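Following: one structure in structure tokens, then a few remarks.
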Amino acid sequence: MCGITGYIGSRNAYPIIINGLKRLEYRGYDSAGVMVFDGEQIQLSKTKGKVSDLEAITNIDESRKKGSIGIGHTRWATHGVPNDVNSHPHVSQSGELVIVHNGIIENYDTIRKELISRGYTFQSDTDTEVLVNLIEEVKKNENCKLGKAVQLALTNVIGAYAIAVFDKTRPNELVVARLGSPIAIGIGKDNEEFFVASDASPFIEFTRDAVYLEDGELAIVKRNKEIKVRKISNDKEVDAVIQELQLNLEQIEKGGYDHFMLKEIHEQPKAIIDTYRGRMLPNEGIIRMAGVDDHMSKFLHADRIIIVACGTSWHAGLVGEYLLEEMTRVPVEVEYASEFRYRNPIITPKDVVIAISQSGETADTLAAIKLAKSKGAFVFGICNVVGSSIARETHAGAYTHAGPEIGVASTKAFTTQITVLSLISLKLAQAKGTLAKSAVNNYLQTLQLIPSQIEKLLEIDDLVKEISYVYKDATNCLYLGRGFNFPVALEGALKLKEISYIHAEGYPAAEMKHGPIALIDENMPVFVIATNKGHYEKVVSNIQEIKSRSGKIIAIVTEGDVTVKEIADHVIEIPETEEAFTPLLTTIPLQLLSYHIAIMLGKNVDQPRNLAKSVTVE
Ligand code: F6R
């Protein structure tokens, strides 16, 4: 949940660390800190707030910025409220060791009590301060170097972590370790410099070579020396596998947009093309997905498919349920990963589990995958981040290829996940014979049109702004949809609440009369998805029910609609497509609405309060 950066080399470490932290702020932004070592003194600056608040402090005193080695942190609080003291980096009691940490040390309280009995005192409420002092205690007792002390200390730790540790007495090295939280090490030319970060974005302009530590690995990174990677469990050396980065700087910059969220909304046509590129030949009716092809018998013999995910990815999973059941006639269940992992679910080797995650790091989804694997199920991953933990933990998978999603509110991840789920559904329908060849071809040809249709839909921005202006002061909103568009209603409500803090609920339209209808009065905006296919007349009846109770109706309809236009207060038209693909279109105006309302309310859409992009803690 937090972001870590580090640098060791011959350049000034400070700007590299600070710029890196800005790129990692999507991971957490309630406090920030940096430590640089100038050869004599540890310069520690940290504060509650964003990286820009940290800069305001360091800008007062240039000496805080000197040194060619350092570590930095941007935090999403787990233990201890966000304040200056709880901010990272944390320093050990002797003042020699400094640490930044992403994750949770579950047995920190036991360790803390033990350390207190040995004379340690603590300034903060964090588990991280406990860890740095544990490393110090081990180093003292074993009379060993930092690397060994970190390795031994971590064998006593339960929890998840990515850490970078500095030792004032060994100013030419950093020790980095991971279990459950990602960490990458960028390798400069001839090992002259190294970069440490939670993902590769902080060092993309400096090097294309990186080592991604595996769970349970520790790396000792020394100036001008080769990186050494060891197993935490037995201290045995393992090969450092150097990968070439595919990311580029443009992808992680705003590219002329005011916010990453808006950029990512507008990137959806390209992202969807990148997702299906090379995977389908619509005219020939060919779908190629290596991860599915190589394990077709697992899919064909599955008793059922279980989809596990969280948040927006879970909503995409719900669309997947409609797609897969409609097209392949295989029973599908969609589960919140956080519930699935703890409710002793019945899973058999005849189940196929599909795990969906943009980041590929969501702790609950990862745990659900491990549980399903332990019960013998075949697990297929749909991830965006290449090489992420979920991508590596699953038996097979398909990347969405949406490019980096930096805005905390997920947008292009949702539509590209649905694109992958559509391709999987069509591929399985083909293999099972549940759809005729002509139907598959027709679906593929229709899917191919979606990017240009979204392009056109994005031109409605002014209309969406007008509607946003009317409803920006609402305190509650309802989102209704049926069938394929019920998950879109959930997603629309989630988008609004997470970036504008307006309370919003998504419901299947017909459920409204079983309770939520009591909420409707002249102050309640109701966003209704009423496309021409799939229960149109029923949704029209629901709209009438809202109208007769004075609710305000903002309807998303298909081009050329007449009936809803007469009843609704506002309508937004989407182009004609297959019902199964309407979520790819209906979600676009809802994303824009949330964006504009949040902007009009003066909210920080890319960094909404209390949230973080990848949730690597339970
Ligand atoms: C909402 C949002 C979250 C994520 C959820 C899962 O806009 O971004 O609800 O969808 O935390 O994250 P991933 O997909 O990375 O597993």
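Scanning the stretch 1-24 for residues that are of a type outside the set (A, V, I, L, M, F, W, C) and assigned to a helix (DSSP H, G or I) yields Tyr14, Pro15, Asn19, Gly20, Lys22, Arg23. The set of residues in the stretch 412-447 being farther than 14 Å from Ile286 by Cβ, away from the ligand (no atom under 16 Å from the Cβ) and under 30 Å from the mean Cα position of the chain (by Cα) consists of Ser422, Ile424, Ser425, Leu428, Thr446. Looking for something over 22 Å from the mean Cα position of the chain (by Cα) and not in a strand (DSSP E or B) - is there at least one such residue anywhere in the stretch 26-38? Looking through the stretch 26-38, at least one residue is over 22 Å from the mean Cα position of the chain (by Cα) and not in a strand (DSSP E or B). A residue that is more than 16 Å from the ligand (Cβ to nearest atom), crowded, with 20+ Cβ neighbours inside 10 Å and not aliphatic (A, V, I, L, M) cannot be found anywhere in the stretch 597-609.
In the set (1) of a type outside the set (Asp, Glu); (2) closer than 29 Å to Val330 by Cβ; (3) within 25 Å of the chain's Cα centre (by Cα); (4) away from the ligand (no atom under 16 Å from the Cβ), the condition left unmet by Leu458 is number (2). For the stretch 344-365, the criterion of being more than 22 Å from Val617 (Cα to Cα), in contact (Cβ under 8 Å) with a residue 60 or more places away in the chain and not hydrophobic (A, V, I, L, M, F, W, C) is met by no residue.
Quick one: is Lys298 more than 16 Å from the ligand (Cβ to nearest atom), among the basic types (Lys, Arg) and closer than 18 Å to Gln358 by Cβ? No, not satisfied. Of everything in the stretch 67-99 that is among the aliphatic types (A, V, I, L, M) and in contact with a helix residue (DSSP H, G or I) (Cβ under 8 Å, 6 or more places away or on another chain), the residue that is surrounded by the fewest Cβ atoms within 10 Å (Cβ to Cβ) is Val91.
Summed over the stretch 462-502, residues that are over 23 Å from Gln544 (Cα atoms) and out of contact with any helix residue (DSSP H, G or I) (no Cβ under 6 Å at 6 or more places or on another chain) total 9. Just to be sure before I move on: is Gly492 more than 16 Å from the ligand (Cβ to nearest atom), crowded, with 24+ Cβ neighbours inside 10 Å and closer than 27 Å to Gly534 by Cβ in the structure I sent? The answer is no for Gly492.
Only one of (1) in a loop (DSSP other than H, G, I, E, B); (2) within 12 Å of the ligand (Cβ to nearest atom); (3) farther than 21 Å from Ala162 by Cα fails for Ile406. Which number is that? Of everything listed in (1) in a loop (DSSP other than H, G, I, E, B); (2) within 12 Å of the ligand (Cβ to nearest atom); (3) farther than 21 Å from Ala162 by Cα, Ile406 misses just condition (3).
Whenever a residue of the stretch 592-617 is over 23 Å from Gln268 (Cα atoms), its partners that are more than 12 Å from the ligand (Cβ to nearest atom) and of a type in the set (Val, Ile, Thr), lying with C-beta atoms within less than 7 angstrom and at least six residues away or across chains, give the pairs Val617/Thr78; Val617/Ile104. Among the candidates Val379, Val386, the residue that is of a type in the set (Val, Ile, Thr), more than 13 Å from the ligand (Cβ to nearest atom) and at pLDDT 95 or above is uniquely Val379. Does the stretch 526-540 contain any residue that is over 20 Å from Lys495 (Cβ atoms), in contact (Cβ under 8 Å) with a residue 40 or more places away in the chain and charged (D, E, K, R)? Yes: one or more hits. Would you confirm, using the coordinates I've provided, whether Ala391 is away from the ligand (no atom under 15 Å from the Cβ), surrounded by fewer than 24 Cβ atoms within 10 Å (Cβ to Cβ), of a type in the set (A, V, I, L, M, F, W, C) and not in a loop (DSSP other than H, G, I, E, B)? No: the conditions fail for Ala391. Condition test on Arg64, is it part of a helix (DSSP H, G or I), in contact with a strand residue (DSSP E or B) (Cβ under 9 Å, 6 or more places away or on another chain) and either touching a residue at least 12 places away in the same chain (Cβ under 8 Å) or buried (at least 19 other Cβ atoms within 10 Å of the Cβ) (or both)? The answer is yes for Arg64. Exactly one residue among Ala355, Ala368 is within 16 Å of the ligand (Cβ to nearest atom), crowded, with 24+ Cβ neighbours inside 10 Å and part of a helix (DSSP H, G or I), and that residue is Ala368. Please work out if Ile286 is farther than 30 Å from Thr155 by Cβ and in contact with a helix residue (DSSP H, G or I) (Cβ under 6 Å, 6 or more places away or on another chain). No, not satisfied. Among residues of the stretch 156-172 being among the hydrophobic types (A, V, I, L, M, F, W, C) and not in a loop (DSSP other than H, G, I, E, B), the one that is modelled with the lowest pLDDT is Ala160.
If you check Lys373 against the conditions, is it crowded, with 23+ Cβ neighbours inside 10 Å and more than 16 Å from the ligand (Cβ to nearest atom)? No.
Scan the stretch 376-388 for residues that are more than 15 Å from Lys613 (Cβ to Cβ) and buried (at least 24 other Cβ atoms within 10 Å of the Cβ) and jot them down.
Val379, Phe380, Gly381, Ile382
Which is hydrophobic (A, V, I, L, M, F, W, C) and either at pLDDT below 95 or over 25 Å from Leu97 (Cβ atoms) (or both), of Ala219, Ala210? Among Ala219, Ala210, only Ala210 is hydrophobic (A, V, I, L, M, F, W, C) and either at pLDDT below 95 or over 25 Å from Leu97 (Cβ atoms) (or both).
The helices (runs of 4 or more DSSP H) found wholly in the stretch 230-323 and carrying at least 1 residues that are at pLDDT 95 or above and more than 29 Å from Pro349 (Cβ to Cβ) occupy 260-266, 268-276. In the set (1) within 14 Å of the ligand (Cβ to nearest atom); (2) of a type in the set (D, E, K, R); (3) without any contact (Cβ under 8 Å) to a residue 12 or more places away in the chain, the condition left unmet by Glu566 is number (1).
Would you be able to say whether some residue in the stretch 38-45 is touching a residue at least 40 places away in the same chain (Cβ under 8 Å) and either within 18 Å of Pro82 (Cα to Cα) or surrounded by fewer than 17 Cβ atoms within 10 Å (Cβ to Cβ) (or both)?
Just the residues of the stretch 38-45 that are touching a residue at least 40 places away in the same chain (Cβ under 8 Å), to begin with: 39, 42, 44.
Still in the running and either within 18 Å of Pro82 (Cα to Cα) or surrounded by fewer than 17 Cβ atoms within 10 Å (Cβ to Cβ) (or both): 39, 44.
The answer is yes; a qualifying residue exists.
Residues that are surrounded by fewer than 21 Cβ atoms within 10 Å (Cβ to Cβ) and among the hydrophobic types (A, V, I, L, M, F, W, C) do not occur anywhere in the stretch 7-24.
In the stretch 324-352, the residue that is farthest from the chain's Cα centre (by Cα) out of those that are more than 16 Å from the ligand (Cβ to nearest atom), surrounded by fewer than 18 Cβ atoms within 10 Å (Cβ to Cβ) and part of a helix (DSSP H, G or I) is Glu326. Counting only helices (runs of 4 or more DSSP H) that sit wholly inside the stretch 108-155, those with at least 2 residues that are touching a residue at least 24 places away in the same chain (Cβ under 8 Å) and under 12 Å from Leu97 (Cα atoms) are 127-142, 146-154.
The values are calculated or read from the model by the stated rules, or taken from the named source; none is laboratory data. Please read all numbers here as calculations on a predicted model, not as lab measurements. Glycine gets a Cβ as well: all are built from the backbone with ideal geometry, and neighbour counts include every protein chain shown.
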